[in-house]
1. Per-residue HN-Hα couplings for segment A:418-425, Karplus 6.51 cos²θ - 1.76 cosθ + 1.60 at θ = phi - 60°, whole Hz, x for Gly and Pro?
2. Specify the angular offset, from 0 to 90 degrees and rounded to the nearest 10, of the alpha carbon long axis of helix A:377-412 from the longest principal axis of the alpha carbons in chain A.
3. Summing Lys, Arg as +1 and Asp, Glu as -1, what charge do residues with Cβ under 10 Å from the Cβ of residue A:292 carry, residue A:292 excluded?
4. Report the charge-dipole magnitude of segment B:113-254 in Debye, nearest 20, computed about the Cα centre from +1 at each Lys and Arg Cβ and -1 at each Asp and Glu Cβ.
5. Let's see if you can work this out: charge +1 on each Lys and Arg Cβ, -1 on each Asp and Glu Cβ, no other charges. What is the dipole magnitude of segment A:441-583 about its Cα centre, in debye to the nearest 20?
6. Per-residue mean of other chain beta-carbon atoms within 10 angstrom of the beta-carbon, peptide A:430-436?
7. Given H placed on each backbone N at 1.01 Å, which residues far from residue A:4 in sequence or on other chains put an amide H within less than 5 Å of it?
8. Put +1 on the Cβ of each Lys and Arg and -1 on the Cβ of each Asp and Glu in the protein assembly as shown; which of B:390, B:155, A:104 then has its Cα farthest toward the positive end of the dipole?
2 protein chains.
Amino acid sequence: MDYQARTSDIHFILDKVLQAPVQLQGLQNLAEIEADLIQQVLEESGKFVSEVVAPLNRVGDEVGAKFDSGRVTMPPGFRDAYQAFWQAGWPALACATEDGGQGLPAVMEAVLYEMLSGANHGWTMAPGLLHGAYECIKHHASSELKAQYLEKVATGEWLATMCLTEPHAGSDLGLARTKAVVQGDGSYQINGTKIFISGGEHDLSDNIVHLVLARLPDSPPGPKGLSLYLVPKFYSDGTRSNVVCERIEEKMGLHGSPTCVMRFDDATGWLVGEAGRGLNAMFVMMNAARLHVALQGIGLLEAAWQKADAYAKERRQMRAPAQAGGRSKSAAEADFIIQHPAMRRILDTQRAWIDGGRVLAYRTAIELDMVKHHPDTERKKAAERWCSLVTPVLKSAWTAQAFSGGSECLQVFGGHGYVREWGIEQNVRDSRVAMIYEGTNEIQAIDLLVRKVLSDGGAGMALLMTSLEQVSEYYKNNSNIGNQYAGYMPKTLIKLTEELVLANRNNAELAFWVADDYLRAVALTLMAWAWQQIESAVDANKANSTLDTARWQQPAEALRYFVMPEFDMRVQIIQARLTQSKV
Amino acid sequence: MDYQARTSDIHFILDKVLQAPVQLQGLQNLAEIEADLIQQVLEESGKFVSEVVAPLNRVGDEVGAKFDSGRVTMPPGFRDAYQAFWQAGWPALACATEDGGQGLPAVMEAVLYEMLSGANHGWTMAPGLLHGAYECIKHHASSELKAQYLEKVATGEWLATMCLTEPHAGSDLGLARTKAVVQGDGSYQINGTKIFISGGEHDLSDNIVHLVLARLPDSPPGPKGLSLYLVPKFYSDGTRSNVVCERIEEKMGLHGSPTCVMRFDDATGWLVGEAGRGLNAMFVMMNAARLHVALQGIGLLEAAWQKADAYAKERRQMRAPAQAGGRSKSAAEADFIIQHPAMRRILDTQRAWIDGGRVLAYRTAIELDMVKHHPDTERKKAAERWCSLVTPVLKSAWTAQAFSGGSECLQVFGGHGYVREWGIEQNVRDSRVAMIYEGTNEIQAIDLLVRKVLSDGGAGMALLMTSLEQVSEYYKNNSNIGNQYAGYMPKTLIKLTEELVLANRNNAELAFWVADDYLRAVALTLMAWAWQQIESAVDANKANSTLDTARWQQPAEALRYFVMPEFDMRVQIIQARLTQSKV
């Protein structure tokens, strides 16, 4: 079955759990946001995703992008769908109105891309970098470049790439060797080879805008020597640049997205931002990309869950254990798969990760708008803190869950999961890449603990945790929703962080050993908080007869029984290393 | 890189940790086993695996088995390798000498298949069922059938299949509908469709012997109505049977093994064992198959580890954290991947699972020979208990680890892991199936807790745990190897089992909710015990200058810090459900 956008679930989270319209009301530079508008955009985008993009997922995998002598032909239907997509204005949703956009909040774009990724991860790779490229050009490019490229990228008429990785520079961009030499007219000639370039070449759009990290001849080694350049596939006079797609990779999955080796042969381009500040100019793109990848994880897990849930409800296999309600009373020889506790547990647990992830990712998108548009400095600071600390956690934990939880969903199908027929094995293959790109999950963990938490002595994390604790105390006192974990977890993390800050003074390696555990502990704390918000909203709306409370209560229970105990395990692992480092 | 059989690691476990030659000495019906013979067979089999089978792994994935009008053509090189394999006597290693075998202990066959699976999972599927088919025919077939088939199957000249699953009968074989009708000459006509038949059709061997579950017209519904039949591809007069391969499945991986849909159209076959006792006759095959699948998991994880370890030692990326010894002193811009704690942790953790799995799987194979050949009834009983309780744990936990740990090894490669080049993504795709076939991992957990542990009130598990506890107490008192877990874990499990037995009286569903956690807790206890044996053997042999003690100490440390904390988490999950069931 193809992915179906289930917009009522999403709407409940946006409107009732996060109260997005209230939060976003009155922000500068944003269109007037009302609940009706949110619902309308949701319905329209869901319709496009389900009807146009989702049906192309299988052909994207089976036919895939094809390479022939420098040209890449996308799978049947991909170009038409993309042309319809940008012409309907979807890429421009969250771009400023003066750039040809609709000025809607980032959270609406986040929801759109979550749905698109669930429907068709491969296809969605192409427009996935657009918004980051738009922000990068908007904030760093010269007015001449902006005049030529900004609106084309904002509307998505032209697609864009990020050309970072090189054969010997993956996680470590400082090793990049691509050269840039200035010309008499102020342009640059770029020479070098970039690898793993998603959508480096294709036939979806009439032009492609490459943003390329390269090194000036006199620049220092390492990341500080890198500058950013814009090199289009076609120049304004219609001539083609010397940017050559050498080949596309054979991959585990994601066959609907060409992963290109790109050669720049004296390709003419222009500097974006300051020389030597290329990583800085690209930073906005990379940050947007990380939230985007987290949304891919959530979307892919939703897609896997939809398939497994449908299969478990239609196929019978074995008797379920005899228990009131657990076993069907019919004369059938077997019960539905969903009646078996081991399978019910898998489905409810993934549901908990999806819905918790939605609350956190949408909230992060709202905070991104707060950073940009909120008038109050303190509120902006809090928003920056949230984005900085929560983004790596979302990227890492939810892409890991997309893969492991997708694999659990595959298990619901038994042998039928391993064959192509039901599409669940494609989901698992496709999702695996998200744990790697935009910074591997291990690098996200180091980013969180070493670069962000330890670097300010744990102060930022303590503030974040205290804010969660206050909210959870509020809910504990003001509703009949109790959560055994939400209060305890932030407190434990604050204390653990203090110990790590101390230990780090004498043992610089320790944090690198336990960064993954620390990130997991933070993820679970955020999950507990997110679900407390959900349960509270369900409780507040339980009189509403259209609300299916069991829909939310079952994953809440799975979370408490099967997910949360990992928190203590992670704390135990970190404590053991802390103890060892004192010996 | 291709898999390389590292026989010295295996030899250390067989000889020094398990003392296999001493254990097996003097067992009836087994050839005289001496350490020299074990080493010689190991070296020879390792050579065959590395030189003949491993180089065909990639072509097995890329070309795959091809289907055309009922015929299946295996990938280039597969038939020649198989012919060389059986002619060298490898399938007959552990078959009785009177059947054309070599009468070696089961553990030597276990080691051989672990290596084969690591080298080339797809190719190994074909001979993987041979020994089970041999045992099934030997113990249940009529003398006429034995005269025709036993030696051919023992030597592997003819390959064999297990035809169990049907389109609507996967985990639940009782739903099978294939019919058998007796003929005047005592033969049967078989009609029906079987799916997921590994090696149902191919060109590796000149004949294929199918063992088929089917139902007599007057048989009761459910599993008790099933009988087992033997239907060959070719009869003794050279005519072909009416067994048709309808198609082969498109799968996530394992492309080197054709997964066939087999149609039996009035195919003539013969009863094996008693009518209505088909599952019983097949039981020996299924049990052998489960240990075999656990060995696949171990072999595949070893293959993934070899790739990741080699890559991590040759590629530099980023600076490792500054710490004595952690960072290279050279002027290089980056350190080797293996110097990064997050990567070191992945590699050492997988090493812990591989070596612990080897100790347990080889021990189980030794216990299988005890069951068959030991003169003492009590010893036999203990061996039966070990095999019954440990086999589902090995199958489930080590196939799950092959997939998740293989995926961790992929992560070591970064983006290079997701592309085909290094072969690690094939490893992950191939390994996924082992969590499903021969009883899904969830069914293994139910088999363990519900069918085996609760059914005797926990008595068998208590005896097993007590035996581990005694051994671990012995090591605690008699060597300088302490293990913080080994004593505590068996005691905790015994107590937990008692509580589950009690709770089960009032709540038949409870065990089905926590069976996975229970199996994991047992797996970790067995791991702790296995590693205590390893550490003790390393300690006893540390004067031996050829022993690389760090090779074993690093995974032992990773086990204690990063693997063992899961035990308490599993106990916590079970305890919470126990508490809930009392409310």
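1. With coefficients 6.51, -1.76 and 1.60, one gets 7, 9, 5, 2, 8, x, 6, 5 Hz.
2. 70
3. -1
4. Values: 12 positive and 16 negative charges, 70 e Å.
Charge dipole, segment B:113-254, about its Cα centre: 340 debye, nearest 20.
5. Working: 13 positive and 16 negative charges, 35 e Å.
For this selection, approximately 160 debye.
6. Working: counts 0, 0, 8, 5, 1, 6, 8.
Partner-chain Cβ atoms within 10 Å, mean over residues of A:430-436: 4.
7. HN-HN under 5 Å from residue A:4: empty list.
8. Farthest towards the positive end: B:390.
The values are calculated or read from the model by the stated rules, or taken from the named source; none is laboratory data. This structure is a prediction, so every number in the text was calculated from the model and none was measured. With ideal geometry, Cβ positions are generated from the backbone for all residues, glycine too; neighbour counts draw on all protein chains shown. These area figures cover heavy atoms from the full protein model, side chains too; ligands, DNA and RNA do not enter into them. Shrake-Rupley method; radii C 1.70, N 1.55, O 1.52, S 1.80 Å.
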